[in-house]
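The values are calculated or read from the model by the stated rules, or taken from the named source; none is laboratory data. Small disclaimer: the values here were computed from a predicted structure and weren't measured. Cβ atoms come from the backbone with ideal geometry, glycine included; neighbour counts cover every protein chain shown. All accessible areas refer to the heavy atoms of the entire protein, side chains included, with ligands and DNA or RNA removed. Shrake-Rupley method; radii C 1.70, N 1.55, O 1.52, S 1.80 Å.
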Amino acid sequence: MAKYSGLGGRLYRGETSVDFIGKRKIWYAFSGLLILASAVTLITQGLHLGIEFKGGSSFTVTSQSVSVLSAESAVRDAGVTTQVIVQKIGNDKVRVQTDALTPAQQTAVESKLAAKFNISIDSIDSQIIGPSWGEEITRKALYGLFGFLLAVMLYLAMAFESKMAIAAIISVIHDVFIT
């Protein structure tokens, strides 16, 4: 396969071109559609933050017979009705993440997981993340995001002339919002 073959190669060699400026209304409409879809999704669904940000409980089980379905049924049998996220890690671990649990619910989940996978309760790695810690992490993440955006904007303002800097800053904000 030749290097720079196909459309990308022809663009690189200057054999063909794409008239982005002539079709800018199409690109503006496409960008507006992406912004609208992002805004609607953010408003209707909100952010799906993990337990690191909102708090909750995490249980990691190591056993040769782990399965996602078995872990889900064990948590259901323990009486947990909140959202449960179960992930298989490698071949011999499963992680169960739940919303915040009472100490009794946590003990019930640990005992049901231990019984389901035929292991001792002591071998289950349990972690409780409080909502205040999650709020602190969320706040620090937002400070980091805004600090990063400010640093990038300052750099762009110094590196480019004003019209290009404004366009670059708008594109950074555009891309972060869509993401």
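Condition check: without any contact (Cβ under 8 Å) to a residue 12 or more places away in the chain, farther than 15 Å from residue 50 by Cα and open to solvent by 80 Å² or more (accessible area, probe 1.4 Å). Does residue 160 satisfy that?
Yes, satisfied.
Could you please find all residues in the range 106-119 being open to solvent by 60 Å² or more (accessible area, probe 1.4 Å), touching a residue at least 40 places away in the same chain (Cβ under 8 Å) and either closer than 12 Å to residue 56 by Cα or part of a helix (DSSP H, G or I) (or both)?
Of everything in the range 106-119, those that are open to solvent by 60 Å² or more (accessible area, probe 1.4 Å), touching a residue at least 40 places away in the same chain (Cβ under 8 Å) and either closer than 12 Å to residue 56 by Cα or part of a helix (DSSP H, G or I) (or both) turn out to be 115, 116.
Tell me, please, whether a residue that is closer than 30 Å to residue 64 by Cβ, in contact (Cβ under 8 Å) with a residue 60 or more places away in the chain, part of a strand (DSSP E or B) and of a type in the set (S, T, N, Q) can be found in the range 120-129.
yes
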